């Protein structure tokens, strides 16, 4: 038991970096989620809207699931509330009737236009602890790491 406790406590530098990165990310995600919850939404649903917009306003559910890292079954669960709120709509694929296409509605676009700036401002405020040069350096390091994983 004591040997395991020592192993857990004694971390190599890479493990220290890993856990610090996880904890910092969790805190920033919490800041973002608090903002979304204050307006009756959650970050996962907003991310769906953002990903659809990145692709020009339409996306296949399977590609959307891949982009946000969920299963095809889970994407359906995430899309239903957005559809009920009128933020997206599902239509039949124009050439393959077995597939559907997810489109962001005018209401969904308005939602993003009205609320993304506030969320980004809230997160940016927390990142002001770093200088612009430090942010650039951090972004470069994180991209280097991301591209190697």
request  = For segment 7-21, name all the residues that are exposed (fewer than 10 other Cβ atoms within 10 Å of the Cβ) and under 17 Å from residue 145 (Cβ atoms).
outcome  = 12, 13, 14
inquiry  = Within segment 51-68, does at least one residue satisfy the condition of being farther than 23 Å from residue 115 by Cα, in contact with a strand residue (DSSP E or B) (Cβ under 9 Å, 6 or more places away or on another chain) and either crowded, with 17+ Cβ neighbours inside 10 Å or in contact (Cβ under 8 Å) with a residue 24 or more places away in the chain (or both)?
reply    = yes
ask   = Conditions: (1) surrounded by 14 or more Cβ atoms within 10 Å (Cβ to Cβ); (2) under 24 Å from residue 56 (Cβ atoms); (3) within 17 Å of the chain's Cα centre (by Cα). Residue 122 meets all but one. Number of the miss?
value = (2)
inquiry  = Given the criteria surrounded by 14 or more Cβ atoms within 10 Å (Cβ to Cβ), more than 27 Å from residue 38 (Cα to Cα), at pLDDT below 95 and out of contact with any helix residue (DSSP H, G or I) (no Cβ under 6 Å at 6 or more places or on another chain), does residue 100 qualify?
reply    = yes
inquiry  = Cβ-Cβ distance below 8 Å, separation of 6 or more or different chains: which pairs start in segment 79-95 with a residue that is at pLDDT below 95 and end on one that is part of a loop (DSSP other than H, G, I, E, B)?
reply    = 92/99; 93/60; 93/99
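The values are calculated or read from the model by the stated rules, or taken from the named source; none is laboratory data. Because the structure is a prediction, the values reported are computed rather than measured. Here the Cβ is made from the backbone with ideal geometry for all residues, glycine too, and neighbour counts use every protein chain on show.
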